[in-house]
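This report refers to the structure that appears directly beneath it.
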Amino acid sequence: MKTTIGPLVAPLIAACVLAGCGSESARHDPPGSPGNPVRAKPQAEAAAGSEGAAAAKPGYAKLVQRQTSKPASRFTPCNLVTKAEAGAILRTAVDQPVEAPMGPTCVYRAHNGRSFLTLVVRSEPFTHAVRQVTGPVRLRVAHRQAVCATVGSPALHVSVKGGRTLSVEGPCVLAQKFAEKAVGRLDR
């Protein structure tokens, strides 16, 4: 049996071939769709193309540079435990504490880079922080309720005045020593 292409179908096929129907260059799929996926630029190309790339990820050294030269003139969690006290607790030299914008949080990092602790005064009540942990170990820090638990990493949470919670992320024994120093300064 011989098939013939109808007189109307042949011009349609010819027009489609000439127009590039089905070719990659003729696709008009929206960005991010399977037909037109979004592809990341290589890191070097992305950095060269965006002057703000370095500002978006400042790194540890840049965070230290951005700190005010008079941190004691305003509240910062880094005022709650000094660099010297942190070094004594961690039993090693400690880099200058850095205030990270989230929280704000103070990051205490051993100079050798092997360990670090974070300290933040959260505006949420202690009871709310405790509800988020499983298997808490209850204890007292400077005559206040506290719990230590591991949710991803170990953290100590202490009830402080004003309905807030002091949270110290790190091994509980060390976190408790940081919290004792910090609570004393929060009570002033």
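The values are calculated or read from the model by the stated rules, or taken from the named source; none is laboratory data. Treat the numbers as computed from the prediction; the structure is a model and nothing was measured. Cβ sites come from the backbone with ideal geometry, for glycine too, and all protein chains shown count toward neighbours. Side chains are part of the model used for accessible areas, which takes the heavy atoms of the whole protein and leaves out ligands, DNA and RNA. Shrake-Rupley method; radii C 1.70, N 1.55, O 1.52, S 1.80 Å.
Could you pull the accessible area for residue 85 with a 1.4 Å probe, rounded to 10 Å²?
Using a 1.4 Å probe on the heavy atoms, I get roughly 40 Å².
With θ set to phi - 60°, apply the Karplus curve 6.51 cos²θ - 1.76 cosθ + 1.60 along segment 156-163 and write out the HN-Hα couplings as whole Hz, x wherever there is a Gly or Pro.
10, 10, 10, 6, 10, 4, x, x
What does the charge count around residue 129 come to, taking other residues whose C-beta lies under 10 Å from its C-beta (Lys +1, Arg +1, Asp -1, Glu -1)?
Spelling it out: positives minus negatives among the neighbours equals +2.
Just in segment 134-177: which trypsin sites (Lys or Arg not before Pro) are loop by DSSP and have at most 13 other Cβ atoms within 10 Å?
In loop regions of segment 134-177 (DSSP not H, G, I, E or B), the sparsely surrounded trypsin sites (Lys or Arg not before Pro) are 161.
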